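**Q** What follows is a structure written as structure tokens; I'll ask about it next.
Read-outs throughout are calculated quantities, based only on the coordinates presented, and are distinct from any laboratory measurement. Every value quoted in this text rests on a predicted model; they were computed, and no experiment measured them. All Cβ positions, even for glycine, are placed from backbone atoms using ideal geometry, and neighbour counts span all protein chains on display.
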């Protein structure tokens, strides 16, 4: 049955003989493990395409919404965090394999006549891969994305002559970046680059087939062998190894989501993705008017040099170990790249920025609300009012209480479990909470850890809100406390309570001498509130 | 030679399948499985009981917050509400159970009528005629302190 279907397909389309023709290509006897990287690169591209499409199904390509939808993907969608991690680390690992593929070709010198065009198409694919990296960098629309892209557009503005035109193409007015630039980066990433890549891959593969896999000198006397199955098996093993590394990274290395892009956040220090760090560091060598040399002219010359490699090195084929010049260049390049990258990493300041994909609702509600949850627990209300199920008493999570405040006050003060456990002020706060709580507060009610609630109770009993604003509630006498854990060391915060003027000389804040346990609770709590 | 060949084809199909499964399972989870239980829909105040006459369907509109993917927003919701006696109220979802058109109350005929395919429902939601296959869908309701609260999960009768 299956055979007959195949025969029919073969007769009408010739697909079977086409596949056979593809698989049973003659390749030189010397082919082997050193030629697996092109296949791995192709596989990497397919993984990026699949994970990219899957992410796009839950992604809203507009500034602001982009951030919310990505946060939704990593916190709400099943396997969403894994998909994002696969796409993120897949991009990095694709760059690695593309560069390794290029280095292999360079070392073996297989770009020589008649394979110059294959090499040029390959350089084009390398540039496209980098363009994906640049355009995709903006799409999370967090601070890292925003400020990184500001730098990218500023660099393109430096291009002699073409600068202003490039900036216009990127949809920027030369200062900030906004909706237009965002949309253009998105369209480049998902609509312009993919068909270009597919076309260039097709050309690249066609040229590989047209000229055949490059033989070495020793192959002249050897018979040819077939691509399938031995070389395909080697390619598959390499692809599997690459994929195992990717899956391992995606499962183990968390991809953070920073704060929503904020053009007024002047404290943010942007850094490019690791594969561009060497360029970032390289730029520091060029001062003032020389900047354009480092930012535009040298990189452009480097690309031109790469394109011209087959026309510069036109000697006869040699064995790899005899290509001293090529080996030397690769080693020099690796030292140059590695040194600059290491220097850039070493000078990158440590960041205490929070991972916003890990923020829980209790970190986003007011300290008063969280303290009210503490009063609810202190007065043992939950022993009758089970949250999420109406057993002995109404389930308070279903709807805000519609009882009059006076009834609720009396009910709490005289409740049979812990009568009189709360002060009048605390009772009033709890009444306000049960009649006016938000959905986030309901989540916190059920899920906030007791340590956080304890911190909020310390915050509330010391009336911190009379001077400080936290999650939108409190006065403006003192600085707002959101993000204090990102701005200050823990030791600074702890020391500051006992002796404010020592840490900020003009402070009018009175000293608070907490017991060690309370000091830990309140420091933990305010440090956990994101900017 | 033949064993070498079958060794190679086994590697190709074996490792290929592992990769396919390792990518296929997360893809299926991502597309098809919603995570955890959705938060139970909150009840919101929709009307005062005193505004509702016993035995007369009324269109009631109210506001509630809705979470749609990554967006949370206030939306206007409509319910057809029938107060059956002093303390009991039913609230129907305003869409016909046939194909989702908006129906309305025909006072003269004493029935709900859908303009699309002429499905007809009685005041207690039962199908009287037309293509609709099941009675009108209902919102969960609670009556507290002479106020009507309506929940968000639509229940099929």
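**Q** What whole number of Å gives the distance from the Cα centroid of segment A:150-171 to the Cα centroid of segment B:81-98?
**A** If we compute the Cα centre of each part, the gap is 62 Å.
**Q** Let me ask something else about it. Any chance you could list the semi-axes, whole Å, largest first, of the equivalent ellipsoid that the Cα gyration tensor gives for segment B:98-157, using √(5λ)?
**A** Square roots of five times the eigenvalues give 24, 14, 9 Å.
**Q** Which parts of segment A:142-183 would a label at residue A:292 reach, counting a residue when its backbone N lies under 12 Å from a point 7 Å out along Cα-to-Cβ?
**A** Once the point is set 7 Å along Cα→Cβ of residue A:292, A:157-164 turn out to lie under 12 Å by backbone N, inside segment A:142-183.
**Q** Shifting gears a bit: Whole Å is fine, so just give me how far the alpha carbon centre of segment A:187-254 lies from that of segment A:332-390.
**A** Taking the Cα centre of segment A:332-390 as reference, the centre of segment A:187-254 is 41 Å away.
**Q** Something else about it: Taking each residue of A:395-407 in turn, how many C-beta atoms of other protein chains fall within 10 Å of its C-beta, and what is the average?
**A** Across A:395-407, the average partner-chain Cβ count within 10 Å equals 3.
**Q** Using the reciprocal of the averaged 1/r over all distinct C-alpha pairs, how large is the Kirkwood radius of segment A:117-257 in Å?
**A** Final number for the Kirkwood radius of segment A:117-257 is 18.7 Å.
**Q** Could you state the number of Å between the C-alpha centres of segment A:443-463 and segment B:1-79?
**A** 32
**Q** A further question on this structure: How high is the FRET efficiency between residue A:387 and residue A:9 when r is their beta carbon distance and R₀ equals 45 Å, given to the nearest 0.05?
**A** 0.15
**Q** In segment B:73-109, which residues have a backbone nitrogen under 16 Å from the label point lying 7 Å from residue B:54's Cα in the Cα-to-Cβ direction?
**A** Residues passing the 16 Å test: B:82-90.
**Q** Calculate I(q)/I(0) for segment A:366-471 by the Debye formula, one identical point scatterer on each C-alpha and no solvent, and give its log10 at q = 0.13 Å⁻¹ to two decimals.
**A** -0.44
**Q** To continue, here is another question. Based on the Kirkwood radius over alpha-carbon pairs, what is the Stokes-Einstein translational diffusion coefficient of chain B at 20 °C with 1.002 mPa s viscosity, in µm²/s?
**A** D = 111 µm²/s.
**Q** With just the Cα atoms of segment A:306-434, tell me how far they stretch along each of the three principal axes, in Å, largest first.
**A** 97, 31, 22
**Q** Direction-averaged shadow area of the convex hull around the Cα atoms of segment A:311-350, nm²? Could the numbers behind the result be given before it?
**A** Values: hull surface 15.9 nm².
Here the figure is 4.0 nm², rounded to one decimal.
**Q** Still on this model: What do you get when you divide the Cα radius of gyration of segment A:222-299 by 2.2 N^0.38 Å, with N the number of residues?
**A** 1.92
**Q** Report the paramagnetic label zone for residue B:102: residues of segment B:46-90 whose backbone N is under 14 Å from a point 7 Å from Cα along the Cα-to-Cβ axis.
**A** Taking a point 7 Å out along Cα→Cβ of residue B:102, the residues of segment B:46-90 whose backbone N falls under 14 Å are B:59-62, B:76-80.
**Q** Percentage of Cα-Cα pair distances in segment A:250-358 greater than 16 Å, rounded to whole percent?
**A** Details: 4397 of 5886 pairs.
Cα-Cα pairs of segment A:250-358 separated by over 16 Å account for 75 percent.
**Q** Let me ask you something else. Please work out how much length the chain gains when fully extended from residue A:301 to residue A:377, using 0.36 nm per residue of separation minus the C-alpha to C-alpha distance, in nm with one decimal.
**A** So the chain would gain 20.5 nm between residue A:301 and residue A:377.
**Q** Quick check: from the Cα gyration tensor, does the protein assembly as shown come out rounded (a/c under 1.5), prolate or oblate?
**A** oblate
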